[in-house]
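Below is one structure, written out as structure tokens; comments come after it.
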Amino acid sequence: MPNGSILVIDDEAEIREGLELLLSSEGYAVASAETGESGLAHLEQEPYDLLLLDVNLPGRSGLDLLRDIRQRDPDLPIVLITAYGSIDMARQAFKSGAQDYITKPWSNDELLAQVASAVEGRRLREENVQLKRALKQRYNFPNIIGKSERIVSLLDLVAQVAPSRATILIVGESGTGKELIAKAIHSGSARADKPFVAVNSGSIPIDLLESQLFGHVKGAFTSAVASKKGLFEVADQGTIFFDEISTVGLETQAKLLRVIQEREFMRLGGTENIKVDVRIVAASNVDLLGLVRDGRFREDLYHRLNVIALNLPPLRQRRDDIPLLVDHFLRQFSKENNRPLARFTPQAMKLLMDYPWPGNVRELENVAERAVVLSAQEEIDVDLLPDPILTRGMLGNSRLQLSELLNSLAKQGNQGTAAGQPVPSLFEIMEQIERRVIVDMLEQTGWNQTEAAERFHVPLSTLNQKIKRLGIEIRRRSVGAVQGTL
Ligand SMILES: Nc1ncnc2c1ncn2[C@@H]1O[C@H](COP(=O)(O)OP(=O)(O)OP(=O)(O)O)[C@@H](O)[C@H]1O
Ligand SMILES: [Mg+2]
């Protein structure tokens, strides 16, 4: 299978042939057309992954043609070929929907990188569309993205258990998609058109939580001036989702157990049993068994909840899904902000692939939104990634080991505490690590900032900003005189 199919529209035979040769040697299937009209005919006959379009066509201009093609196929990536790489040209091109442009004469490496990134973007988008369609057909989970084995087998299990009334416990780190899965379970059940009620017990004081869950009768407590239905009654026939179930106190746990077992409860201050038919889904990001051992969670409730357990994998254990999720969120936020479709540069993408994502999908979602909002262009480079991702990427390219840095910082911290100095904050520690890594790289490169920036895969301007912010004193390029100081 070719790497992708590319159509070249250019009136100069030399350019067409040159591109055909170059691109086919890289494994692309290439077709070419001399005029806009024959180009359009090609596009109508066959789907292409990328169009390379000359701006200066005789007759109809490339930009004019571009608008026409955009209307017919809003998704086709188009890269313009132009003789003048003016800002004005670029602006015009982006405005009319091209995603990039190449100036003549080009460097083959650069051209191939641009082509690869455009084709890869197209492939990902198509994969996402197909994936969504397949998931939708199979399970009707339109907004869950993932093709990794862990996610696919999880969704299989979700589809299997959703229709039953069984209580389900969803376990996973923060931001892994627990609520999303809980909603999928609800919409995959016969209760789909009945209420889905989410309860986050973490932030609510116990009395208030119980009155919210079970309701109360008039006069149950001073402010209970009228009777009120609780969430269990609101969720009758539907699903109730207990987010962070571990935060529910032991007293309330006993009442929950009763609802699960007897399917009935009393309003606060009431004497009458109320029957409900509610499916219970609970989520936790801590190990409930550990809490059971510590006597902070009822063992019987644990077993009742844990009839079916779904374990959501952290994002770092399913890195295959990162590009798909990135594409999904870039689409979403570009659209929400009325912007042309944004994409990350290959360097930025590499940092995203390597990052451990402690906040999982939610963190990735936030990174994508921030980048789209802050970026002035479609192409988002590493400088718009938040500091932890950038710093980690830089550390990866430094010869310093994290363990070594931490040891030296710990030693310093101990000396500081012994001397009665305050222990540095996390932020200060991160800054110190960053400073060490940057100084180290500068030493390695003989204080050549351009080279250091290249080796860190960050723009020179980003490195400069960091150097300024961290107050690193720039030594002239005399390696001998350098002493790395924290
Ligand atoms: N597989 C996925 N595909 C698309 N979006 C996802 C996926 N997993 C999570 N998300 C998105 O990530 C965000 C976090 O998901 P969710 O709120 O379900 O996580 P959570 O596990 O409940 O997190 P927390 O423990 O912090 O409450 C949501 O915006 C959700 O839509
Ligand atoms: Mg949640």
Criterion first (assigned to a loop (DSSP other than H, G, I, E, B), assigned by TED's automatic domain parsing to the domain that holds residue 155, over 25 Å from residue 145 (Cβ atoms) and more than 16 Å from ligand 1 (Cβ to nearest atom)) does residue 194 satisfy it? yes
Looking at the structure I just gave you, is residue 201 within 16 Å of ligand 2 (Cβ to nearest atom) and small (Gly, Ala, Ser)? yes
If only one of 76, 23, 51, 19 is crowded, with 20+ Cβ neighbours inside 10 Å, touching a strand residue (DSSP E or B) at 6+ places or on another chain (Cβ under 7 Å) and closer than 22 Å to residue 378 by Cβ, which one is it? 51
Could you figure out which of (1) in a loop (DSSP other than H, G, I, E, B); (2) modelled with pLDDT under 85; (3) within 30 Å of the chain's Cα centre (by Cα) isn't true of residue 483? (3)
Run residue 9 past the list (1) in contact with a Gly (Cβ under 6 Å, 6 or more places away or on another chain); (2) modelled with pLDDT under 90; (3) not hydroxyl-bearing (Ser, Thr, Tyr) and report the number of the one that doesn't hold. (2)
Just one of 222, 176 is part of a loop (DSSP other than H, G, I, E, B) and within 25 Å of the chain's Cα centre (by Cα); which is it? 176
Within the range 159-178, residues buried (at least 17 other Cβ atoms within 10 Å of the Cβ) and within 15 Å of ligand 2 (Cβ to nearest atom) come out as 168, 169, 170, 171, 172, 173, 175, 176, 177, 178
Set 188, 172: member being touching a helix residue (DSSP H, G or I) at 6+ places or on another chain (Cβ under 7 Å), within 26 Å of residue 287 (Cβ to Cβ) and either in the same structural domain as residue 253 (by TED's automatic domain parsing) or more than 9 Å from ligand 1 (Cβ to nearest atom) (or both): 172
Quickly run through the range 237-251 and pick out the residues that are crowded, with 18+ Cβ neighbours inside 10 Å and either in contact with a Lys or Arg (Cβ under 7 Å, 6 or more places away or on another chain) or not small (Gly, Ala, Ser) (or both). 238, 239, 240, 241, 242, 243, 244, 245, 248
Residues in the range 233-259 that are touching a residue at least 60 places away in the same chain (Cβ under 8 Å) and assigned to a loop (DSSP other than H, G, I, E, B): how many? 0
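The values are calculated or read from the model by the stated rules, or taken from the named source; none is laboratory data. As the structure is a computational prediction, the values presented were derived from the model and not from experiment. For neighbour counting, all protein chains shown are included, and Cβ atoms are generated from backbone atoms with ideal geometry for every residue, glycine included.
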